[in-house]
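Taking it in order: structure first as C-alpha cells, then the write-up.
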Amino acid sequence: CHGPAPKLFPTLNASALVRQPSVRQPDRALVVPGQPLQSYLIQRLLPNYPTVWGEPKTLSDDEKRLLIRWVMEMNGVR
C-alpha cells in the first residue's frame, strides 16, 4: 500500500530479487546471495534492525528461518 502500483512490481522469483534495489531504500539490495544480513528482505523480517524503516513483518520463526536459509543457499546466483 506504500509502494508503486502493483503493475510495476517485477515477477516474484529469485532473479527478480537478487541484487535489485529496494524501492523503499534504494541503497539496499533486496537479496544478496549467501548474505542474509546484507539482504533488505531479511532485514525487514528482523525486529529493530538498525536503519531499516517500517515495522517488521509478522512471520513465524520457522518462516523467517526458511527465508534466511533460502538466501544463504543462493551462493552463485547472479
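The values are calculated or read from the model by the stated rules, or taken from the named source; none is laboratory data. Note that the structure is a prediction, hence the values are computed from the model and not measured. FYI the Cβ positions are ideal-geometry reconstructions off the backbone, even for glycines, and counts take in every protein chain you see. Surface areas here come from the heavy atoms of the whole protein model, side chains and all, with no ligands, DNA or RNA. Shrake-Rupley method; radii C 1.70, N 1.55, O 1.52, S 1.80 Å.
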Note down all Cβ pairs under 8 Å where the first residue falls in region 56-72 and is under 14 Å from Pro36 (Cβ atoms), the second is among the hydroxyl-bearing types (Ser, Thr, Tyr), and they're at least six residues apart or on different chains.
-> Val71/Ser39
Could you check the chain for helices (runs of 4 or more DSSP H) lying wholly inside it with 1 or more residues that are at pLDDT 85 or above, open to solvent by less than 50 Å² (accessible area, probe 1.4 Å) and among the hydroxyl-bearing types (Ser, Thr, Tyr)?
-> 40-43
